[in-house]
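Shown next, in structure tokens, is the structure this report addresses.
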Amino acid sequence: MTRAPQDFLTLGDVPAAEWPRLFDRATTLKAQRGKVRHGSLAGLTIALVFEKPSTRTRMSFQVAAFELGGQTVEMSATTSQLGRGEPIQDTARILSGYCHAIVVRTFGQDRIAEFARSATIPVINGLSDQHHPCQVATDLFTVREHFGALDGLRYAWIGDGNNMACSWIEAAGLLGLDLVLACPDGFAPDSTLVAAARDAQQRLGKGSLALTTDPVEAATGAHVLSTDVWASMGQEDDAARRRAAFAGFCIDAALVSRAAANAIVLHCLPAHRGEEISGDVLDGPRSLVWVQAENQLHVGKVLLEHVVIRSRV
């Protein structure tokens, strides 16, 4: 009997106890790249449904599927009937007959959820307005790779309370991390997610989650400094107002100097040098941004394996 699809819509769709195994697998695949051929997706096709522009998510999943023996088919709103109003339900059903998993990069989380409800194959959230679980999974892998563990570290998010911040909040609740988020007034993350993460930490008996409007407070003593652009896709018309509101929230050398002596800096890219992060920090010795970007490939592989293999007979 075929199992129900194993979707990955938010980080919590993978239980906390399974993440070490997935990260160990990513470590192995990274070490073996170019040396060992893998065929875990041999003969399988992954649909990439991208309603928003993408560089790293697109490339990482395309290469990931290829290097695991599979292939991808890309579909955008402008090159499919989605752009002419075909219902998500119909698209998901059709793709379920052609492919073995769907990676969706879209707008509201409701669109991702509708794909998952209507598809009979697994769905991966490649980005929505509310969550970016593949990216934060990659960030966690990068932290673990560098420090050897996720526990015992102080995490700081500095910037907008956007989809990245929300996935970091979910990670803090799921894994019991110590996370501080510095966001300007009016740009705080979803309070419901914050409350849920704090409840999860209380049940775990570890972790903390704090909100502040002071980036120096968040950065002080932090081991991991993370940020994102101040105006995400679809917010370009609001960029000028956001630049004014986020003044002082740039991760620059002065802010990094307040962090732990062995602190690292992460950015999900694309970056606006001189806005949310200074060029000398982005390209400097504390930055693991380029390692982080490469690691999307290896984490993408294990996420594909996880959802596809779990969902098959």
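Nothing in this text is a laboratory measurement; each read-out follows from the coordinates by a stated rule. Keep in mind the model is a prediction, meaning the values are calculated, not measured. FYI the Cβ positions are ideal-geometry reconstructions off the backbone, even for glycines, and counts take in every protein chain you see.
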Output for region 200-231, where each listed residue is out of contact with any helix residue (DSSP H, G or I) (no Cβ under 9 Å at 6 or more places or on another chain), free of Cβ contacts under 8 Å to residues at least 40 places away in the same chain and among the small types (Gly, Ala, Ser): 205
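Checking the conditions here, which among 48, 9 is of a type outside the set (Asp, Glu), surrounded by 15 or more Cβ atoms within 10 Å (Cβ to Cβ), under 20 Å from residue 112 (Cβ atoms) and in contact with a Ser or Thr (Cβ under 8 Å, 6 or more places away or on another chain)? Even if it seems obvious, please write down each step before you answer.
Numbers: 9 fails: in contact with a Ser or Thr (Cβ under 8 Å, 6 or more places away or on another chain).
None of the other options fit; the residue is 48.
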Residue count for region 131-161, restricted to those that are more than 9 Å from the chain's Cα centre (by Cα), surrounded by 24 or more Cβ atoms within 10 Å (Cβ to Cβ) and assigned to a loop (DSSP other than H, G, I, E, B): 2
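Take the conditions under 19 Å from the mean Cα position of the chain (by Cα), crowded, with 22+ Cβ neighbours inside 10 Å and of a type outside the set (Phe, Trp, Tyr) and apply them to residue 112. Does it pass?
yes
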Cβ pairs under 6 Å, 6+ apart, first in region 284-313 and without any contact (Cβ under 8 Å) to a residue 24 or more places away in the chain, second of a type outside the set (D, E, K, R): 287/265
Which listed residue is surrounded by fewer than 15 Cβ atoms within 10 Å (Cβ to Cβ) and of a type in the set (D, E, K, R), from 203, 286: 203
Residues of region 182-195 that turn out to be in a helix (DSSP H, G or I) and either acidic (Asp, Glu) or in contact (Cβ under 8 Å) with a residue 24 or more places away in the chain (or both), as a count: 2
